[in-house]
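Colleague: Dropping the structure in here first, questions after.
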Amino acid sequence: MTLGGKKIVKLPCGYVENGTSIDEVEVRAMTGVEEDLFSDRNLPMVNRLRGMVVNCIERIGDVKDKAKIEQMAGKFSAEDQAVLLVALRQISVGNSYALESECPSCGVPIKLDVDLTTITVKKASKEKSPLEVQLPSGRKAKVRIMTLDDAMKTSELRLQGEGRLTAAVWVRLAELDGKQPTLEDVKGLLFADRVFLRNVFDELEGGIEETLKVTCPQCKRQFMEPFDMATPEFFSPSAL
């Protein structure tokens, strides 16, 4: 594969305005500007990822104005960003991604070579967002897709000491029992309700399968290995 150049990407959700979704995005390969941005440990990871993605977007649909692109990209879902990150990795570094793992049964080290062209992308649900659901406890909630603007909010909440899972639920929860929920309302939800909501989010948002099925070459046990794109190693294992 020839590195560099551009790639057209179809997003799971895309930018939605007035009921119309724009899901085609063209991105260019990363340069030293994006490498410096991604390696800046003074910035929260969510800021680095968003900045890198926005920098590399050439157009969203027919829109090429950078200020408009930045505004539109803020409404992309977190899963849209994941798909764009994989595309950037492919045209900037290559399709092959080396991972190291360890069998949880026998402890043998395992080297994996992931072909990024085989990564599964699940289209977002056709259910309208916000979606009304009934929780296991019987309470009613309206949930929506988390955008990149929301991801920035979760980062700010984490810096303020809030729990990661609570923040991720809160930004997606449009209503709880007919009212806009507070962080304390989310903390007070039953564990079963929170697990249910996370499953709904996964179905609603679509995106990339972020676990890999691995078979141990020694004991033959199968297990799931997390596939994390928000790491320096994903983009440039030798430099960052």
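The values are calculated or read from the model by the stated rules, or taken from the named source; none is laboratory data. Source: prediction; values computed, not measured. Here the Cβ is made from the backbone with ideal geometry for all residues, glycine too, and neighbour counts use every protein chain on show.
Colleague: When you scan region 223-236, how many residues do you find that are in a loop (DSSP other than H, G, I, E, B) and farther than 17 Å from Asp115 by Cα?
Modeller: Final tally of qualifying residues: 2.
Colleague: Scan region 67-118 residue by residue and report those that are loosely packed, with under 13 Cβ neighbours inside 10 Å, assigned to a helix (DSSP H, G or I) and small (Gly, Ala, Ser).
Modeller: Ala67
Colleague: If you take the residues of region 175-222 that are in a strand (DSSP E or B) and modelled with pLDDT of 95 or more, which of them is farthest from Pro136 (Cα to Cα)? Full working, then the answer.
Modeller: Just the residues of region 175-222 that are in a strand (DSSP E or B), to begin with: 175-176, 179, 207-208, 211-215, 222.
After this cut, where a residue has to be modelled with pLDDT of 95 or more as well, the list is 175-176, 179.
Details: Glu175: 16, Leu176: 13, Lys179: 18 Å.
Here the residue is Lys179.
Colleague: Sort through Glu100, Glu79 and tell me the only one that's under 23 Å from Asp202 (Cα atoms) and modelled with pLDDT under 90.
Modeller: Only one candidate passes the filter, namely Glu79.
Colleague: Return the residue satisfying two criteria in turn: it lies in region 142-174 and is assigned to a helix (DSSP H, G or I) and either in the same structural domain as Leu84 (by TED's automatic domain parsing) or of a type in the set (Val, Ile, Thr) (or both), and of such residues it is farthest from the chain's Cα centre (by Cα).
Modeller: Checked region 142-174; the qualifying residue farthest from the chain's Cα centre (by Cα) is Thr166.
Colleague: Take the residues in region 193-219 that are more than 27 Å from Pro44 (Cβ to Cβ) and in contact with a Leu (Cβ under 8 Å, 6 or more places away or on another chain); name whichever of them is surrounded by the most Cβ atoms within 10 Å (Cβ to Cβ).
Modeller: Asp193
Colleague: Right, here's the next one. Residues of region 45-59 being crowded, with 22+ Cβ neighbours inside 10 Å and either part of a strand (DSSP E or B) or outside the structural domain of Met229 (by TED's automatic domain parsing) (or both), which ones?
Modeller: Once the filter is applied, which keeps residues that are crowded, with 22+ Cβ neighbours inside 10 Å and either part of a strand (DSSP E or B) or outside the structural domain of Met229 (by TED's automatic domain parsing) (or both), region 45-59 yields only Ile57.
Colleague: Against the condition surrounded by fewer than 12 Cβ atoms within 10 Å (Cβ to Cβ), within 30 Å of Cys106 (Cβ to Cβ) and not basic (Lys, Arg), how does Gln222 come out, does it pass? Steps first, answer last, please.
Modeller: Values: surrounded by fewer than 12 Cβ atoms within 10 Å (Cβ to Cβ): yes; within 30 Å of Cys106 (Cβ to Cβ): yes; not basic (Lys, Arg): yes.
Yes, satisfied.
Colleague: If you don't mind, another one. In region 11-32, how many residues are closer than 19 Å to Gln90 by Cβ and touching a helix residue (DSSP H, G or I) at 6+ places or on another chain (Cβ under 8 Å)?
Modeller: Going through region 11-32 one residue at a time, the tally reaches 7.
Colleague: Now, a different point. Could you check region 37-52 and list, in sequence order, the residues that are under 16 Å from Ala87 (Cβ atoms) and in contact (Cβ under 8 Å) with a residue 60 or more places away in the chain?
Modeller: Phe38, Leu49, Arg50
Colleague: Here's a follow-up. Can you tell me which residue within region 15-44, out of those that are surrounded by 14 or more Cβ atoms within 10 Å (Cβ to Cβ) and among the aliphatic types (A, V, I, L, M), is nearest to Gly5 (Cα to Cα)?
Modeller: Step by step, filter region 15-44, then rank; the result is Ala29.
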